[in-house]
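The structure under discussion appears below in the form of structure tokens.
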Amino acid sequence: MKWTLHVSRVIICSLITASAAFAGVSISAPSNNSKVGTSVQFIATSESPSCSKGVSSMGIYTAPGKLVYTTQGSKLNTSITLGAGTYNAVVQEWDGCGWSAKKQVTITVGSGGSSGGSSPAPPSGANVFSNLQADKNWNGYALLPPGYGICDSCTSTNTKASWSTAQGVSSPSLSGKSMKFSLGGNMSFGDILWNQKFTTRLADQKSVPNYHQFTYDVYFYIADASVSQALEFDINQFINGKSYIWGHECRIAGGHEWDTWNNQTMHWVKSGIPCNPKSGAWNHLVIQAERTSDDHIHFISITLNDVTSKVDRYDTPTKTTWYGMTINYQMDGNSAQKDYSVYLDKLNFYYK
């Protein structure tokens, strides 16, 4: 009887271990050991192949025994407001067979500089092109794989990559008149770039080389950020035969991290700065950059939802025959080229 009981216990323990091994939680946001704002977006999935009934629910613990959110099914995507401090949060799943699995993610809330509800101000005395979401001078271009050069033959209704815009949108909006940018088509990883060209709108077109300090300040809204491969925000200056590109890309499907553009190698450089835009809510982005006195590209900082992260990366310009000053906004399609829209509002570009 004792031997039988012992064997039964071994079998039960083995079954428990096996079931736990097959169950799992995967967290795509926030990143582990990241610094985040007070509104924290959690995105996670789970599976339990050993249970025929599948995953029944998922939940978030912000402290041991403190369950702050639950949802049905095997996918979780929500934003939770947290006070300043460090949290060893846990995402847990429960399946229909009585098993569960969990995964911990450590985050620091309200850190990284301007985390108290404010974003960095533009340089004192800077010039500004304001409320560009209401401006009529937007240009749109398709950028298709594998080369991602501007597609001269593509139109906004091209089946490979389609795009559209709408201005004066009342909802969602902060100003009452936001601008809607939409991407679609049927080519995987197709991108759409829009830009604003400022040179001819300056009082003196020859003044472009005089400007060294730049601030890109924008609010953006996306219903479901997970459908985007990436969102890109760039500042460009072309003077004296040199191209200065301050490219900033929020990789969403690619790992929830900010990249900056390497002008020389024409590749993206990981910054280590998390990028977790909120879904179904307005996000405030402020990018600060400068052309140094010795004509180098300086990526200064990125502020997303009042959390400022220092980039402090220097780069070298490349050769060009172009002249002028522009900003870009770009949306990247995912592997399924799933249609999605982003709304921009209160878009200001400061230059000094």
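The values are calculated or read from the model by the stated rules, or taken from the named source; none is laboratory data. Everything quoted here is computed from the prediction, not taken from an experiment. Reconstructed Cβ throughout: ideal geometry from the backbone, glycine too, with neighbour counts over all protein chains shown. For the accessible areas, the whole protein counts, side chains as well, though only heavy atoms, and no ligand, DNA or RNA atoms are used. Shrake-Rupley method; radii C 1.70, N 1.55, O 1.52, S 1.80 Å.
For the chain, report the accessible area per residue in Å² (1.4 Å probe, heavy atoms, rounded to an integer).
47
Give the long-range amide H neighbours of GLU257: residues separated by 5 or more places, or on another chain, with amide H under 5 Å away, using H modelled in the peptide plane at 1.01 Å from N.
ARG251, CYS275
Can you give the FRET efficiency for ARG201 and ALA166, using 1/(1 + (r/R0)^6), R0 = 25 Å, r = Cβ-Cβ distance, to the nearest 0.05?
The value I calculate is 0.65.
Would you pull out the residues with amide H under 5 Å of LYS197's amide H, same chain only if 5 or more places away, H placed 1.01 Å from N?
Here the answer is none, since no amide H 5 or more places off falls under 5 Å of that of LYS197.
Just how large is the dipole of segment 160-318 about the Cα centre, in debye to the nearest 20, putting +1 at every Lys and Arg Cβ and -1 at every Asp and Glu Cβ?
Its charge dipole is roughly 400 debye.
In whole Å and largest first, what semi-axes does the C-alpha gyration tensor of the chain yield when each eigenvalue is scaled by 5 and square-rooted?
44, 22, 19
Largest first, please: the extent of the C-alpha atoms of segment 26-166 along each principal axis, to the nearest Å.
58, 46, 27
What does the net charge come to around VAL55 if you take all other residues with beta carbon closer than 12 Å to its beta carbon, with K and R at +1 and D and E at -1?
Working: positive: LYS53, LYS75; negative: GLU47, GLU93, ASP95.
Surrounding charge for VAL55 is -1.
Beyond 17 Å, what share of the Cα-Cα pairs of segment 200-330 remains, rounded to the nearest whole percent?
Beyond 17 Å sits 58 percent of the P(r) for segment 200-330.
How compact is segment 264-352 by the rule of thumb for globular proteins, expressed as Cα Rg over 2.2 N^0.38 Å?
Computed over Cα atoms of segment 264-352, the ratio equals 1.29.
As I understand it, the dipole of the chain uses +1 on the Cβ of Lys and Arg and -1 on the Cβ of Asp and Glu, about the Cα centre. Which of VAL40, MET266, ASN305 lies farthest toward its positive end?
VAL40
Treating only the Cβ atoms of Lys and Arg (+1) and Asp and Glu (-1) as charged, compute the dipole magnitude of segment 233-352 about its Cα centre; round to the nearest 20 debye.
40
Mind checking which lysines have their Cα closer than 19 Å to the Cα of LYS66? Skip sequence neighbours fewer than 8 apart in that chain.
LYS102, LYS103
Which whole-number percentage describes the relative contact order of the chain, with Cα contacts under 8 Å and a sequence gap of 6 or more?
Here the relative contact order equals 20 percent.
About its Cα centre, how strong a charge dipole does the chain have in debye, to the nearest 20, once Lys and Arg get +1 and Asp and Glu get -1 at the Cβ?
In total the dipole reaches around 620 debye.
Between LYS53, LYS338, LYS270, where does the largest GNM mean-square fluctuation fall for the chain, given springs only between Cα atoms within less than 10 Å?
LYS53
Rounded to a whole number, what % of the accessible area of the chain do carbon and sulfur atoms account for, probe 1.4 Å?
51
Given segment 96-255 reduced to its alpha-carbon atoms as identical point scatterers, what log10 I(q)/I(0) does the Debye formula return at q = 0.08, 0.18, 0.19 Å⁻¹?
Log10 of I(q)/I(0), two decimals: -0.35, -1.43, -1.50.
Considering all alpha-carbon pairs of segment 165-222, what whole percent are spaced by more than 15 angstrom?
Result for the distance tail: 68 percent.
Extension gain LYS103-GLN264, at 0.36 nm per residue separation less the Cα-Cα distance, in nm?
Extra length from LYS103 to GLN264 when fully extended: 54.0 nm.
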